[in-house]
């Protein structure tokens with residue numbers, strides 16, 4: 001089994017931080033639950049990155065369990081590049097620009 005390296009784009013890191021802060025304000029501990037689900041999703045991606053469907057050319061998306069987010073990434077040379085963590089209610093034009 002290939003061990004994929006993971007690179008998280010600074011925009012995706014910012015997405016995570018902003019979302020976690022928002023969840024922390026909604027309910028105590030919800031931010032940690034959110035982060036745990038993101039970590040679980042990333043582990044699933046690393047275990048088998050080809051299992052998730054293409055949403056654009058070479059870009060795939062994994063749906064985060066329990067939260068309305070998708071993790072958008074591509075694979076190149078045994079490296080998983082995470083481009084965005086995106087809430088499904090956000091304007092898709094913003095996502096398309098980021099995924100170009």
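In a GNM of the chain with a 10 Å cut-off on Cα contacts, which of 35, 18, 71 has the highest mean-square fluctuation? Of 35, 18, 71, the Gaussian network model singles out 18 as fluctuating most. This ranking places 81, 87 by how few other beta-carbon atoms lie within 10 Å of each, fewest first, which gives 87, 81. Springs between Cα atoms under 10 Å define the GNM used for the chain, and in it the highest mean-square fluctuation of 19, 76, 84 occurs at 76.
Our summary of shape: the Cα atoms of region 12-68 have principal axis extents of 37, 19, 17 Å, ordered from largest down, in whole angstrom. Rounded to the nearest 500, the 222 nm mean residue ellipticity of the chain from helices alone is -14000 deg cm²/dmol, with -39,500 (n - 2.57) taken per DSSP H run of at least 4 residues.
Look at where the Cα atoms of region 52-81 and of region 1-45 average out, and the two centres are 13 Å apart. Of 60, 44, 90, the residue with the greatest mean-square motion in the GNM of the chain, using alpha carbon springs below 10 Å, is 90.
Where a number appears in this text, it was derived from the coordinates with a stated rule and is not lab data. Note that this is a predicted model, so its numbers are computed, not measured. We place every Cβ from the backbone using ideal geometry, glycine too, and count neighbours over all the protein chains shown.
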